[in-house]
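Worksheet for the structure shown next.
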Amino acid sequence: MYWQIWVDPKHTPFQRILFRNNRGDFELKTVTFGVNCAPFLAIRVLQQLAADVELRHPKASNIIRNFMYVDDVLAGADSTEEAQLMVQELRDALKSAGFPLRKWTSNQKEVLAAIQSNHLLNTDFLEIDAESTAKTLGIRWKASSDEFFFVPPDLAIETSFKKRQVLFQIAKLFDCSIPNVVN
């Protein structure tokens, strides 16, 4: 997502990459992944996009403002027709800013039918069964029952914890990809 966000040219001199072997220096023209401000800039761009598309795409504007976490959309609808309209508006609004959406999922086959199969999170959702689940931000969603659930990782049991170890164990609850090593 960050590489899709262009930085104002007056700020690119502050994003220079210098090479030691005299090949010169280069200015990065997009938001740089890994810098502290990158998530803020991405969210701020989305907030501006929501304001810009509000008249043409009111549903998409509301979703972008209230149901996005950086590049994840977590929204739902009360009917299949409303969901289909939301999908179309979101696709149009975000595509207009260079953010084509991928990894779609729904528990309604009719909603997924209008989306290219290579843009789906998983083609298993076309035949929803008990195993059709999606995960984002450490929370899982079971499509068949439309329920959220949480699978906590195994936590280390110690007689006492240092502050750093406690914070590490808490972080593991939200990101199951963290290895079991603490420095």
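The values are calculated or read from the model by the stated rules, or taken from the named source; none is laboratory data. No experiment lies behind these values; they were computed from the predicted model shown. As a convention, Cβ positions derive from the backbone with ideal geometry for all residues, glycine included, and neighbour counts pool all protein chains shown. The area values use the complete protein model at the heavy-atom level, side chains included, leaving out ligands, DNA and RNA. Shrake-Rupley method; radii C 1.70, N 1.55, O 1.52, S 1.80 Å.
So, ARG91, is that one open to solvent by 40 Å² or more (accessible area, probe 1.4 Å), at pLDDT 85 or above and either closer than 30 Å to TRP6 by Cβ or in contact with a His (Cβ under 7 Å, 6 or more places away or on another chain) (or both) or not?
yes
Can you tell me which residues in the stretch 94-114 are more than 22 Å from ARG140 (Cα to Cα) and open to solvent by less than 70 Å² (accessible area, probe 1.4 Å)?
LEU94, ALA97, GLY98, PHE99
Evaluate the following for VAL45: is it open to solvent by less than 80 Å² (accessible area, probe 1.4 Å) and in contact with a helix residue (DSSP H, G or I) (Cβ under 8 Å, 6 or more places away or on another chain)? Quick ask: steps written out before the conclusion?
On the way: open to solvent by less than 80 Å² (accessible area, probe 1.4 Å): yes; in contact with a helix residue (DSSP H, G or I) (Cβ under 8 Å, 6 or more places away or on another chain): no.
Criteria not met by VAL45.
For the list (1) modelled with pLDDT of 70 or more; (2) of a type outside the set (S, T, N, Q); (3) open to solvent by less than 100 Å² (accessible area, probe 1.4 Å), I need the number of the one condition that VAL182 fails.
Result: VAL182 fails condition (1) only.
Mind telling me which of the residues MET68, MET86 ends up being touching a Lys or Arg at 6+ places or on another chain (Cβ under 6 Å), under 22 Å from GLN116 (Cβ atoms), surrounded by 13 or more Cβ atoms within 10 Å (Cβ to Cβ) and not β-branched (Val, Ile, Thr)? Full working, then the answer.
Values: MET68 fails: touching a Lys or Arg at 6+ places or on another chain (Cβ under 6 Å).
Only one candidate passes the filter, namely MET86.
Could you list all residues from the stretch 1-27 that are under 19 Å from PHE99 (Cα atoms) and either among the polar types (S, T, N, Q) or surrounded by 10 or more Cβ atoms within 10 Å (Cβ to Cβ) (or both)? Steps first, answer last, please.
The initial filter retains those residues of the stretch 1-27 that are under 19 Å from PHE99 (Cα atoms), namely 1-8.
Result: MET1, TYR2, TRP3, GLN4, ILE5, TRP6, VAL7.
With the structure loaded, tell me whether ALA51 is at pLDDT 95 or above, aliphatic (A, V, I, L, M) and within 20 Å of the chain's Cα centre (by Cα) or whether it fails that test.
Details: at pLDDT 95 or above: yes; aliphatic (A, V, I, L, M): yes; within 20 Å of the chain's Cα centre (by Cα): yes.
Criteria met by ALA51.
Taking interchain pairs and intrachain pairs at least six residues apart, which have beta carbon atoms under 6 angstrom, with the first residue in the stretch 1-21 and touching a residue at least 12 places away in the same chain (Cβ under 8 Å) and the second assigned to a helix (DSSP H, G or I)?
Every condition considered, the pairs that remain are MET1/ALA42; TYR2/ALA38; ILE5/VAL45.
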